[in-house]
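**Student:** There's a structure below that I have some questions on.
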Amino acid sequence: MKARGTPKGRSVDPRALQEIATLLGAAARRRDLLIEHLHRIQDSYGHITAARLAAIVHRMLHKDPEKRYAAMEAVARDVDIPISVDTYKPRIARKAIRAGAVIVNDVRGLRDPEMVRVVANSGAGAVIMHMKGEPATMQENPHYDDVVAEVKAFLAERLGEAVSHGVAMESTVVDPGFGFGKAPRHNTTLLHSLREIRAIGRPVLAGASRKSFLASVHPTKDGEGPEASLAAAAIGVQNGADILRVHDVAKTVQFVRTLDTSMPTQQ
């Protein structure tokens with residue numbers, strides 16, 4: 001994904017990260033872990049680290065409205081990693097971009113024309129995600145005749161529409177939307193079919209970490225065990241995922257690196 005970058009050559013400022021951790025009500029040990037992870041992972045698998053920051057920013061957006069954007073500005077200023085904001089609301093996306101976010105992750109797939117304008121006018125990157133239905137009802141017996149074909153068609157249509165209204169093609173990523181209006185069988189089918197989604201011509205983001213559908217194949221805490229998420233990461237990488245959105249950053253980076261060294265090169 002090509003998006004407006006953050007300043008290069010800056011080191012991580014622990015004070016900025018501590019401010020973020022304080023806003024999140026994190027304990028001292030959590031702050032230390034966050035700082036350690038960012039230092040250690042900053043120069044490798046940047047997309048995974050960006051996903052970690054995306055989760056932080058997402059939680060910030062539910063905190064004090066005056067402090068959240070100031071904290072985001074601190075991250076953008078002091079961390080050499082692109083910041084992603086999870087929102088389908090153009091107003092929040094616009095404010096987050098002004099505060100330093102460079103990627104908008106929209107679970108509604110840029111269906112709102114105003115969100116398309118926000119992304120196009122700012123030059124931000126966009127993650128275009130598939131979601132069937134609405135969040136409150138999307139898991140009520142979702143049905144597909146062909147889940148891969150239907151998800152692929154939706155993403156291709158939304159991508160084309162966004163590009164036709166000024167969003168830069170090279171700044172987009174597509175996400176099949178694991179857990180968003182899909183039964184467990186739909187999720188597992190998509191996880192094994194990412195190359196077909198990738199045929200749209202854009203990188204594919206796989207966000208299966210800790211999703212409840214993993215419990216159907218690994219019944220540990222409703223799929224939240226690290227083994228299930230690592231297995232999903234492996235399946236995703238082996239089937240064409242370009243970007244992983246994960247919770248346990250350090251373990252996943254180590255795991256994927258090991259996987260990469262043992263996998264034959266694929267086109």
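**Student:** Could you figure out which of (1) surrounded by fewer than 23 Cβ atoms within 10 Å (Cβ to Cβ); (2) of a type in the set (Phe, Trp, Tyr); (3) touching a Lys or Arg at 6+ places or on another chain (Cβ under 6 Å) isn't true of Tyr144?
**Tutor:** Checking Tyr144 against (1) surrounded by fewer than 23 Cβ atoms within 10 Å (Cβ to Cβ); (2) of a type in the set (Phe, Trp, Tyr); (3) touching a Lys or Arg at 6+ places or on another chain (Cβ under 6 Å), the one that fails is (3).
**Student:** Return the residues of segment 176-198 that are open to solvent by 50 Å² or more (accessible area, probe 1.4 Å) and either in a helix (DSSP H, G or I) or modelled with pLDDT of 95 or more (or both); say none if nothing qualifies.
**Tutor:** Pro184, Arg185, Thr189, Arg195, Glu196, Arg198
**Student:** Also, I was wondering about something else. Can you name every residue in segment 160-170 that is open to solvent by 10 Å² or more (accessible area, probe 1.4 Å) and either of a type in the set (Gly, Ala, Ser) or touching a residue at least 40 places away in the same chain (Cβ under 8 Å) (or both)?
**Tutor:** Looking only at segment 160-170, we keep the residues that are open to solvent by 10 Å² or more (accessible area, probe 1.4 Å), and these are 160-161, 163-166, 168-170.
Correct list: Gly160, Glu161, Ser164, His165, Gly166, Ala168, Glu170.
**Student:** Next up: Scan segment 233-242 residue by residue and report those that are open to solvent by 30 Å² or more (accessible area, probe 1.4 Å) and either within 12 Å of the chain's Cα centre (by Cα) or closer than 19 Å to Asp86 by Cβ (or both). Step through it out loud before you land on a result.
**Tutor:** Just the residues of segment 233-242 that are open to solvent by 30 Å² or more (accessible area, probe 1.4 Å), to begin with: 235, 238-239, 242.
Once the filter is applied, which keeps residues that are open to solvent by 30 Å² or more (accessible area, probe 1.4 Å) and either within 12 Å of the chain's Cα centre (by Cα) or closer than 19 Å to Asp86 by Cβ (or both), segment 233-242 yields only Asp242.
**Student:** A follow-up question, please. Only residues that are closer than 17 Å to Val167 by Cβ, in a loop (DSSP other than H, G, I, E, B), touching a Gly at 6+ places or on another chain (Cβ under 9 Å) and of a type in the set (A, V, I, L, M, F, W, C): list them for segment 100-139, please.
**Tutor:** Those that are closer than 17 Å to Val167 by Cβ, in a loop (DSSP other than H, G, I, E, B), touching a Gly at 6+ places or on another chain (Cβ under 9 Å) and of a type in the set (A, V, I, L, M, F, W, C): Val102, Val107.
**Student:** Further question on the same structure: Among the candidates Ser122, Ser84, which residue alone is at pLDDT 70 or above, hydroxyl-bearing (Ser, Thr, Tyr) and buried (at least 22 other Cβ atoms within 10 Å of the Cβ)? Outline the logic, then answer.
**Tutor:** On the way: Ser122 fails: buried (at least 22 other Cβ atoms within 10 Å of the Cβ).
Every option except Ser84 fails the conditions.
**Student:** As an exercise: evaluate Glu114 against (1) acidic (Asp, Glu); (2) closer than 20 Å to Gly240 by Cα; (3) in contact (Cβ under 8 Å) with a residue 12 or more places away in the chain and give the number of the one condition it does not meet.
**Tutor:** (2)
**Student:** Continuing with this model, one more query. Given the condition in contact with an Asp or Glu (Cβ under 9 Å, 6 or more places away or on another chain) and part of a helix (DSSP H, G or I), answer yes or no: does some residue in segment 151-162 qualify?
**Tutor:** Here is the first cut: in segment 151-162, the ones in contact with an Asp or Glu (Cβ under 9 Å, 6 or more places away or on another chain) are 152, 155.
With the extra rule that they be part of a helix (DSSP H, G or I), the set shrinks to 152, 155.
Scanning segment 151-162 turns up at least one residue that is in contact with an Asp or Glu (Cβ under 9 Å, 6 or more places away or on another chain) and part of a helix (DSSP H, G or I).
**Student:** Do we find that Val173 is under 25 Å from Glu114 (Cα atoms), in a strand (DSSP E or B) and open to solvent by less than 20 Å² (accessible area, probe 1.4 Å) in this structure? Please lay out each step first, then the result.
**Tutor:** Numbers: under 25 Å from Glu114 (Cα atoms): yes; in a strand (DSSP E or B): yes; open to solvent by less than 20 Å² (accessible area, probe 1.4 Å): yes.
It is true that Val173 is under 25 Å from Glu114 (Cα atoms), in a strand (DSSP E or B) and open to solvent by less than 20 Å² (accessible area, probe 1.4 Å).
**Student:** May I pose another question? What residue, of Ser229, Ser209, is within 24 Å of Val85 (Cβ to Cβ) and either part of a loop (DSSP other than H, G, I, E, B) or modelled with pLDDT of 95 or more (or both)?
**Tutor:** Checking each option against the conditions leaves just Ser209.
The values are calculated or read from the model by the stated rules, or taken from the named source; none is laboratory data. Predicted model only: the values in this text are computed from it and were never measured. All Cβ positions, glycine included, derive from the backbone under ideal geometry; neighbour counts span all protein chains shown. The protein model used for the area step is the full one, side chains on, heavy atoms only, and it has no ligands, DNA or RNA in it. Shrake-Rupley method; radii C 1.70, N 1.55, O 1.52, S 1.80 Å.
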